[in-house]
Amino acid sequence: MSDEQPVDKLTEAQARSELDRLAATLAQADRDYYQSDAPALSDAEYDRLKRRNAEIEARFPDLKRADSPSEQIGAQPAEGFSKVAHAVRMLSLGNAFDAEDVRGFDQSIRKYLGLGPDAPLAYTAEPKIDGLSLSLRYEDGRLVQAATRGDGAVGENVTANARTIDDIPERLDGAPDVLEIRGEVYMSHADFAALNERQAAAGDKRFANPRNAAAGSLRQLDPAITRARPLRFFAYGWGELSAPLAGTQMEAIRRLDALGFATNPLTALCDGLEALLDHYARIEEQRATLGYDIDGVVYKVDDLALRGRLGFRSTTPRWAIAHKFPAELAWTRLEAIDIQVGRTGALSPVARLAPVTVGGVVVSNATLHNEDYIAGRDASGQPIREGRDIRLGDWVQVYRAGDVIPKIADVDLTKRPEDATPFTFPETCPECGSDAVREAGDAVRRCTGGLVCPAQAVEKLKHFVSRAAFDIEGLGAKQVEQFHADGWIREPADIFTLEERFGQGMQQLKNREGWGEKSAANLFAAIRDKRRIPLNRLIFALGLRHVGEVAASDLARHFGSWRALIATVDAARPAARCQLESEAALRSEREAAATEGRRARIAETRARVWDGLAPQARAAWEELIGIEGVGETLALSLVTSMAQEAERASIDRLVAHLEIEEATAPDTEGSPVAGKTVVFTGTLEKMTRAEAKARAEALGAKVSGSVSAKTDLLVAGPGAGSKAKKAAELGVETIDEDAWLALIGA
Ligand code: IVH
């Protein structure tokens, strides 16, 4: 660059052409950086050109280009990272908090696989690194993509940043053609301390803990910043593979090691439960001197063939679990108790605390669960904390475990202020003044204001637009709050009329703070895009009590269409009333405390209440509660919410704007049982009940717990009783286990 003119000598024409040249050179450098592993420019030269560009722009502000390199943060679009769909979902782990939970984990695996309590079963145990997971994709031995976990299905493309991490090899020798390595990015204690010192010296914000520092560093839009941050990586698993790595986890880890990845030296092969717990104790002993944060020990079934059989639940593998270290504790003063109102009207007490550091994080809020918890009782009225209640001004113990919301564990009565009085839990909603009532058997007090209550309405709307629900780009919790406060959106249906009401010429929206012409147009486009929505997302988005993401998918899969779901839910209304009545009757029976003859009385009460019910209502109710994953509680919530006039009208208004995609069963092409409702009964000999169910569902079948007219097939093992009888009565086809295995080609 010897022919470069000093900036202060440039004429306007020279400056213009120099800015053009710099924009082209820097854009090319960004592309090189992302796509090849031999960038043409050194970092120093790149930075120098960027500075020169900025100096010229400062001298000739009018010449600044629309695509000026000073506005580009690295090569990524300014909005953030591009999205990457994971070829194999990145799941999380279930948690165990004590030896009992670990025993339960071992037992459930044995049960699923049909192994006796003494059959050999090997696991690996390794530290659970407190960082963030990353998936590295290698094709023909070259790193082609690095992605964060995101929501497990879609993550962020952080390839350029990952390339700056020393523990991540660019090239591999002898790897399968396609190899996705999964592991954890983290920062060591020493590097974290040094980084925070540098941050403080530069007047930048300090990070709360190494995990936040690692996350903040990996998710930098400018890879040059990531490069300056000392990140590390431990490999512990894999996603898509063109050829298996090994037959066991332990061998696979050795293979990753040989390929040049850092693997954790505390990974051990353990023969059964006791060995796992021993290794846990060993790791816990070393925790303080490891030099990086860990928050537990991960156990995995070693044999990969068994793992294949065990498979996954909706978000976690059956073959692994995280045994977490005990929670971290601190004492502080309780300054206030605020009551928050959630989307289902639940009044939740929140402790406002004098800030205190708990395990490296400053905590000033914690949950107090509900009014019984504050009063020192559990849901059944039994004392907790030996009956000590919690009062304003009390000295309280705060604990947190992992990412979980901090909780109040205990209270120190010796430090209680003399004038402290028991906390009075409000009986009216602090947001709308409606009565807040506790139904029998419910630990939670709820606002009865429904959609009239602004807090409920806003929380419902926030849930509606959240990621697993409608996920409308540009319409997050903050925007929903604003729109609601201004009366633009009161219920979900209003989102879909926003454009028609406020979009003309974009005037009104683009004049609002934080909105411009482009973002307004993008928002309306994003809303239009979501008029077409998969059935499961719609069901989840309604935010009904007890209907979470998994239940919503179960319901969608079972009913296929909105119309079929609604028909059954509406038909089940009289049955829901019976359910409520019999629950109330049963409660009073229990309270009557007479144990003698109770079973008979309960049965009698049930029969009395359900006797007069129309057969269609009973069939609809049985269909609902027969869906795996849908119990009486969920069914009751679903039917009663849909029966509430205001709520139902609001849902109907919403649905009128939508085109609902019907649910289809998963990858079931050619499956002989896709769409069929199957019931298993009796003893299965070649596989366990859980395994049978999981395989049937993977083939697109609906597995139900009870036989009804909708059952297509009963698989009956030895000892089948009333279900086989009922199937015979209803003329439902019945086969044995071998015939089932033959049918599904197993
Ligand atoms: S195995 C199918 N092993 O913990 C999921 N995860 O709480 C397999 N993690 O998302 C994960 N150390 O980010 C595994 N040694 C380890 C781990 C580990 C940390 C993280 C990982 C995962 C999270 C789940």
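The values are calculated or read from the model by the stated rules, or taken from the named source; none is laboratory data. This is a predicted model, so every value here is computed, not measured. Quick reminder, even Gly has a Cβ in these numbers, built from the backbone with ideal geometry, and neighbours come from all protein chains shown.
With respect to GLY116, is the statement that it is assigned to a loop (DSSP other than H, G, I, E, B) and away from the ligand (no atom under 15 Å from the Cβ) true?
Answer is yes for this residue.
In this structure, does LEU730 turn out to be surrounded by 15 or more Cβ atoms within 10 Å (Cβ to Cβ) and at negative phi?
When the stated conditions are applied, LEU730 does not pass them.
Suppose we filter PRO454, PRO422 for residues that are at pLDDT 95 or above and either touching a His at 6+ places or on another chain (Cβ under 7 Å) or surrounded by fewer than 17 Cβ atoms within 10 Å (Cβ to Cβ) (or both); which single one remains?
PRO422
For segment 75-107, enumerate the residues that are part of a helix (DSSP H, G or I) and within 16 Å of the ligand (Cβ to nearest atom).
ASP101, VAL102, PHE105
Are any of the residues in segment 428-442 surrounded by fewer than 17 Cβ atoms within 10 Å (Cβ to Cβ), of a type outside the set (Ser, Thr, Tyr), within 30 Å of ARG490 (Cα to Cα) and modelled with pLDDT of 95 or more?
Within segment 428-442, one or more residues are surrounded by fewer than 17 Cβ atoms within 10 Å (Cβ to Cβ), of a type outside the set (Ser, Thr, Tyr), within 30 Å of ARG490 (Cα to Cα) and modelled with pLDDT of 95 or more.
Does GLU170 satisfy the criteria of being within 30 Å of ARG51 (Cα to Cα), within 16 Å of the ligand (Cβ to nearest atom) and surrounded by fewer than 20 Cβ atoms within 10 Å (Cβ to Cβ)?
Taking the combined requirement at face value, the residue does not satisfy it.
Restricting attention to segment 646-656, does a residue exist that is farther than 26 Å from ILE109 by Cα, part of a loop (DSSP other than H, G, I, E, B) and more than 26 Å from the chain's Cα centre (by Cα)?
yes
Filter segment 177-196 down to residues that are buried (at least 16 other Cβ atoms within 10 Å of the Cβ) and without any contact (Cβ under 8 Å) to a residue 60 or more places away in the chain and give me whichever is nearest to the ligand (Cβ to nearest atom).
Step by step, filter segment 177-196, then rank; the result is GLU184.
From the list LEU241, LEU306, exactly one residue is touching a helix residue (DSSP H, G or I) at 6+ places or on another chain (Cβ under 8 Å) and at negative phi. Which is it?
LEU306
What residue, of SER92, SER135, is touching a Ser or Thr at 6+ places or on another chain (Cβ under 9 Å), surrounded by 21 or more Cβ atoms within 10 Å (Cβ to Cβ) and of a type in the set (Ser, Thr, Tyr)?
Selected residue: SER135, the only one of SER92, SER135 that is touching a Ser or Thr at 6+ places or on another chain (Cβ under 9 Å), surrounded by 21 or more Cβ atoms within 10 Å (Cβ to Cβ) and of a type in the set (Ser, Thr, Tyr).
Consider only pairs whose beta carbons are under 7 Å apart and that are at least six residues apart or on different chains; among these, list those whose first residue lies in segment 720-744 and is closer than 11 Å to VAL679 by Cβ and whose second residue is among the hydroxyl-bearing types (Ser, Thr, Tyr) and modelled with pLDDT under 90.
Matching pairs, first to second residue: ALA720/THR681; LYS723/THR681; ALA724/THR681.
Provide a single number: the residues in segment 661-687 that are part of a loop (DSSP other than H, G, I, E, B) and surrounded by 16 or more Cβ atoms within 10 Å (Cβ to Cβ).
Of the residues in that region, 10 qualify.
Among the residues of segment 201-237, which ones are within 13 Å of the ligand (Cβ to nearest atom) and either assigned to a loop (DSSP other than H, G, I, E, B) or small (Gly, Ala, Ser) (or both)?
Answer for segment 201-237, where residues must be within 13 Å of the ligand (Cβ to nearest atom) and either assigned to a loop (DSSP other than H, G, I, E, B) or small (Gly, Ala, Ser) (or both): ALA214, ALA215, ALA235, GLY237.
From the set of residues in segment 124-165 that are part of a loop (DSSP other than H, G, I, E, B), within 18 Å of the chain's Cα centre (by Cα) and small (Gly, Ala, Ser), which is farthest from the ligand (Cβ to nearest atom)?
Out of the qualifying residues, it is ALA153.
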